[in-house]
4 protein chains.
Amino acid sequence: MTAMRFEDAAFALAEVGRRIDAHGWAPATAGNYSARLDDGSFAVTISGKHKGRLSAGDIMRVDAAGNALTPGKPSAETWLHLATYHAFPEANAVLHGHSPQAVGLSRAVPEASEWVFRGHEMLKVFPGVTTHETELRLPIVDNSQDMTVIEAAVAPLRLARGAMPAYLIRSHGLYAWGKDLEEAERVLEATEWLIAAELAELGFRNGMAR
Amino acid sequence: MTAMRFEDAAFALAEVGRRIDAHGWAPATAGNYSARLDDGSFAVTISGKHKGRLSAGDIMRVDAAGNALTPGKPSAETWLHLATYHAFPEANAVLHGHSPQAVGLSRAVPEASEWVFRGHEMLKVFPGVTTHETELRLPIVDNSQDMTVIEAAVAPLRLARGAMPAYLIRSHGLYAWGKDLEEAERVLEATEWLIAAELAELGFRNGMAR
Amino acid sequence: MTAMRFEDAAFALAEVGRRIDAHGWAPATAGNYSARLDDGSFAVTISGKHKGRLSAGDIMRVDAAGNALTPGKPSAETWLHLATYHAFPEANAVLHGHSPQAVGLSRAVPEASEWVFRGHEMLKVFPGVTTHETELRLPIVDNSQDMTVIEAAVAPLRLARGAMPAYLIRSHGLYAWGKDLEEAERVLEATEWLIAAELAELGFRNGMAR
Amino acid sequence: MTAMRFEDAAFALAEVGRRIDAHGWAPATAGNYSARLDDGSFAVTISGKHKGRLSAGDIMRVDAAGNALTPGKPSAETWLHLATYHAFPEANAVLHGHSPQAVGLSRAVPEASEWVFRGHEMLKVFPGVTTHETELRLPIVDNSQDMTVIEAAVAPLRLARGAMPAYLIRSHGLYAWGKDLEEAERVLEATEWLIAAELAELGFRNGMAR
């Protein structure tokens, strides 16, 4: 699957929202999801809805510049989705979730511009990775209310060697993308899992070192 | 949506109770929920029921002084709900949940009268907040079996600059309100999420500092 | 509700098992549940079944001495259930769950014969408690494969002033009871919640003390 | 139940996948499950599917050498499943999950070749264990992309006295098996529970030692 029909994308984005909420990564109205459509426009979630209880009518269409093609106010972060599609023509879906763990990590390393995952079998979930004997870099950028500032900060990091198809905005949340919605969800799930595994590792290390 | 019809409020409060229980914030019979009704009275949960398994018949009506207008014993904390409605005429729903994390936080800072959240994108869930470059104050007051003591303690804190539409009773739980039930639930979810994110942050910081 | 009919008890015990499993307190075949019946016998869960997937046929009847009155092998711990009913004639249901947190606590204090909860509003869930300004004692006894050894150890602790209607067997799990199944479930949920809240409190304290 | 018919095995493996995913142990496409069939071949999960959303068509058949007997690409780790069946003729099902806690533990002890569980009542879930007054050893081996290297490392550990019917591949995940699928699931659940309980124990110990 690559670019989708609007009706299919709207249904699929609502469904993925329910799963992301069930993980606890979509509190309140946080998060936004998108998919590239077969006519070159994009399906994006409407602003202000709970992402665990979306109906197909809560998804709208925007053009490549972010202009609304159907009624509704697109998410304020639509621009970050579109910039990702522009930077990665092979990307057809972008998911943005908010887990306590990912945000906790980003704040625990306030000066860092990346978090490096090394030696995990789970890294093989990421496209092109065939061995655990590697490392992937999760870019971390500071938050801003100006989307162009975030995009300018993440653009070089996102293209660095070994960068994941994902990045973390500090004190905000995680962006993940893929060639289709399934791949984007796999990248999101695997990245959150890696963060949870490293938090558990620290818990065991810390407890045993006492 | 502002003030509700009783039948709608009863159904909606039962439904929100199931979601709060699914988060693990409604153990045993803990918690109580209310909504302002269109006739000036209030719908409140009956005392002693499990809040994850409410039916519409477990919701009763009280007047502004807390007198029962329908059969049943209102929650002992009804007075805190009513005081919130009196203090904030724009509030139309109040939710009171009990999470282990919120109560754990309140006991970890036994002398504190607030917990300050700074720099979180999630702060934008709160009404009137348009940037993460801010801080919101969650008032914390000591518990009492005399509701007027709790109310007297929280009243000034609740009106302080930057106070959230929520407060935490130490060793007890979290109150949250909003202009409608959806907003009150968003405030509750976002506040609990913020507490969980800061606990995760401490776990990462502590583990790495070892 | 007090003593139940067998059919009602069997249905209700299967249902409570699903909720206990959903909390993560019934891994593998761990746990066993019982209810006092209106004819003086007892409904108990059959040994070796997953407690999150019980059907009414997985519940059997035993007499007050633990002899099977219907086909099936009663849980090896039936004797602890019966001893509780003998000690507390007002008890009509006993639940035994296994949470990682409760067992973790019991092992973290290998010499302790109790854990004291102080100042929690949640204490008011326990029968007879009307204020948070109190303390309740959760007896902790060492595990044994001889049920009479466990029972002998817990008997005096269970009758001590301020003892909860619950006890924790070290490295094993939690017993809780009540005047009906609803109360027993409330005691179990509240006790597990208290343990989770104190673990969260330690996480905050420890993180902030770094 | 011992060896199964293919249709029954396919249905049962899909169902167990949903439960493993609900625990959070099957992120992205991670994990693979198998069962010995009554004709001497094996049912295994197809590579690349989300294990929480399997349909019966996502299960294929392979022979004892791992050759596909039905269309599809078997999991890359099929060989570890087959080696387990060869080593333990009484094993009829093998489950491989990925929990953050198990992987966190394996990384927290980078030099260890086992983790020993002592004195847990939960040990009685494991076949042949009749008392908590024992210890079971969970073998831990380093990860490799060469399955024969993993198998060679684990083979002696797996046969050591007191070894669980399970092993942990470092930075990767947990293998568990049993005489039928129910037993394999019990071993998986009990092992993950033991790891979670010991992490909670460390959290309490560490917090109290501050």
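Quick rundown of the values:
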{"read-out": "Per-pair calculated FRET efficiency, R0 = 22 Å: A:Ser55 and A:Arg5 via Cβ, rounded to 0.05", "value": "0.80"}
{"read-out": "Buried area at the D-A interface (accessible, heavy atoms, 1.4 Å probe, summed, Å²)", "value": "2400"}
{"read-out": "For region C:68-147: span of alpha carbons on each principal axis (Å, largest first)", "value": "48, 31, 20"}
{"read-out": "Once exposed loop GluC sites (Glu not before Pro) are cut out (DSSP; at most 14 other Cβ, 10 Å), longest piece of chain D", "value": "D:1-89"}
{"read-out": "Interface residues in region C:137-159 - accessible area drops by 30 Å² or more relative to the isolated chain, probe 1.4 Å", "value": "C:Asn143, C:Gln145"}
{"read-out": "14 Å cut-off, amide nitrogen to a point 7 angstrom out along D:Asp38 Cα→Cβ, residues in region D:8-22", "value": "D:8-10"}
{"read-out": "Gyration tensor (alpha-carbon) shape descriptor, region A:97-210, a/c threshold 1.5", "value": "oblate"}
{"read-out": "Other-copy label distances relative to C:Val149, 7 angstrom Cα-Cβ extension, nm", "value": "4.7, 4.7, 6.6"}
{"read-out": "Partner chain coverage, peptide C:19-29 - average Cβ within 10 angstrom", "value": "5"}
{"read-out": "Fraction in percent of alpha-carbon pairs per bin - 5 Å, chain A", "value": "1, 8, 16, 20, 21, 16, 10, 5, 2, 1, 0, 0"}
{"read-out": "Equivalent ellipsoid semi-axes - Cα gyration tensor, region A:29-100, angstrom", "value": "18, 15, 10"}
{"read-out": "For B:Val129, label point 7 Å along C-beta direction: distances to other copies, nm", "value": "3.2, 3.2, 4.6"}
{"read-out": "Computed helical MRE - 222 nm, chain D, DSSP H runs ≥ 4 contributing -39500 (n - 2.57), nearest 500", "value": "-12500 deg cm²/dmol"}
{"read-out": "Gyration tensor verdict on region B:121-180 (Cα atoms; rounded if a/c is under 1.5, prolate if a/b is larger than b/c, oblate otherwise)", "value": "prolate"}
{"read-out": "At 7 Å out from Cα toward Cβ: C:Ala68 inter-copy label distances (nm, ascending)", "value": "4.9, 4.9, 6.9"}
{"read-out": "Amide H within-cut-off set for D:Arg5, under 5 Å, with H built and near neighbours excluded", "value": "D:Asp38"}
{"read-out": "By accessible area with a 1.4 Å probe, ligands and nucleic acids excluded, highest first: order of C:Thr84, D:Thr70", "value": "D:Thr70, C:Thr84"}
{"read-out": "Charge context of A:Glu135, other residues only, Cβ under 15 angstrom, K/R +1, D/E -1", "value": "+1"}
{"read-out": "Kirkwood-based shape ratio for region B:1-62, expressed as Rg/Rh from alpha carbons", "value": "0.97"}
{"read-out": "Solvent-accessible area per residue, Å², over region D:64-174 with all protein chains present [probe radius 1.4 Å]", "value": "38"}
{"read-out": "Residues D:Glu15 and D:Asp63, FRET efficiency given R0 of 30 Å [Cβ-Cβ distance, rounded to 0.05]", "value": "0.75"}
{"read-out": "Fraction of accessible area attributable to carbon and sulfur, region D:1-103 (%, probe 1.4 Å)", "value": "55"}
{"read-out": "Amide H partners (placed H, <5 Å) of D:Leu69, local residues excluded", "value": "D:Arg61, D:Val62, D:Asp63"}
{"read-out": "Choice from B:Gly17, B:Gly31, B:Gly162 with maximal GNM fluctuation in chain B (Cα, 10 Å cutoff)", "value": "B:Gly162"}
{"read-out": "Cut-off 10 Å between beta-carbons: net charge of the residues surrounding A:Trp79, Lys and Arg +1, Asp and Glu -1", "value": "-3"}
{"read-out": "Three-way shape call for the protein assembly as shown based on the alpha-carbon gyration tensor, with the a/c threshold at 1.5", "value": "oblate"}
{"read-out": "Among the listed pairs A:Lys49/B:Lys49; B:Lys49/B:Lys179; B:Lys51/B:Lys124; B:Lys51/B:Lys73; B:Lys49/C:Lys179, those beyond 21 Å (Cα-Cα)", "value": "A:Lys49/B:Lys49; B:Lys49/B:Lys179; B:Lys51/B:Lys124"}
{"read-out": "HN-Hα J in Hz across region B:136-144 - Karplus 6.51, -1.76, 1.60, θ = phi - 60°, x for Gly and Pro", "value": "10, 10, 9, x, 10, 10, 5, 6, 7"}
{"read-out": "Isotropic mean projected area of the C-alpha convex hull, region B:1-125 (nm²)", "value": "8.7"}
{"read-out": "Using alpha-carbon coordinates, inclination of helix C:147-159 to the longest axis of chain C, degrees", "value": "60"}
{"read-out": "For C:122-131, mean number of other protein chain Cβ atoms within 10 Å", "value": "3"}
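The values are calculated or read from the model by the stated rules, or taken from the named source; none is laboratory data. Please read all numbers here as calculations on a predicted model, not as lab measurements. Note: ideal-geometry Cβ built from the backbone for every residue, glycine included; neighbour counts use all protein chains shown. Remember, those area values only see protein heavy atoms, side chains included, never the ligands or the DNA or RNA. Shrake-Rupley method; radii C 1.70, N 1.55, O 1.52, S 1.80 Å.
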